[in-house]
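Structure, as structure tokens:
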Amino acid sequence: MATQEFYIRTASETEAHGPFTQEQLSSLAEAGKVDPQTLYYEATNEQWVSIGSNPELRAIIFPEKRRLTVKPKDRIATLNPGSDASPPITVTDMLAAAEGRTSDTRDKRDKTYVMERAARIGRYACMLMLLISVVALITPSIDIISSFETEQILLTPYIYLGVVDLVLSLLLLLGMVTVYPFIRFRAMLAIGFLGLMFWTQGELVPLAAVAAGSLGLYLTTIFVSYAGLGLSVGLGVAGMLGFAYYMLT
């Protein structure tokens, strides 16, 4: 049962929510979003049954030690008005609690979810940086490309690197993150090739822009934390925009 996933709903609902893992159901229970009367789909019997009717599952989600620590509640006079009726649980509340976006479950947030979200943001950021590079590399040579001057095209290395960036960005658009090693190689190649070219020409500003953009692109394929990803994306986008400004002006 450790790897089983659960679809749940209340008795008054017709739409199921999930799938949730046992850990997520435990977090929902601690936040008061799930109780023993909550229904889950039992695939073996193909029926909706309450969590409380399954002793094994109930013991995991509502362990006995929680009840053993409960003491009789003393009736203490208070000036704070209270309400005996709790607000109804909505689908949004359940999903927010499962994802660790509520005050009760924020400290129990699934780190895997955070890493997956950061990786998804990083993929889109890589696409953006590559597309900026495509514009910077190919736009100045658009006349050569449109005239189909083969000899001129062969003598323009910017076009080759721009085509590589275009292909890599399209592959990322299709969700092929397996191209990350090629993107890292491309980032180092740009620093070596373009950096050497600008260095020999004494162009230090575009050299710094190329170095920042390539380094940011490289690091964006590595970080899966928001802090590191934010720094690498900021560095990469700023560098790519600076390189594009130099190439297009």
The stretch 112-248, Rg to Rh (Cα coordinates; Rh as Kirkwood inverse mean 1/r): 1.00
Within the stretch 122-202, chymotrypsin sites (Phe, Trp or Tyr not before Pro) in DSSP loop having at most 14 other beta-carbon neighbours inside 10 Å: 148
Cα-based convex hull, the stretch 1-47, per residue volume (Å³, whole number): 79 Å³
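Each value in this text was obtained by applying a stated rule to the coordinates, not by laboratory testing. Note that the structure is a prediction, hence the values are computed from the model and not measured. Heads up, the Cβs are rebuilt from the backbone with ideal geometry, glycines too, and the neighbour counts pull from every protein chain shown.
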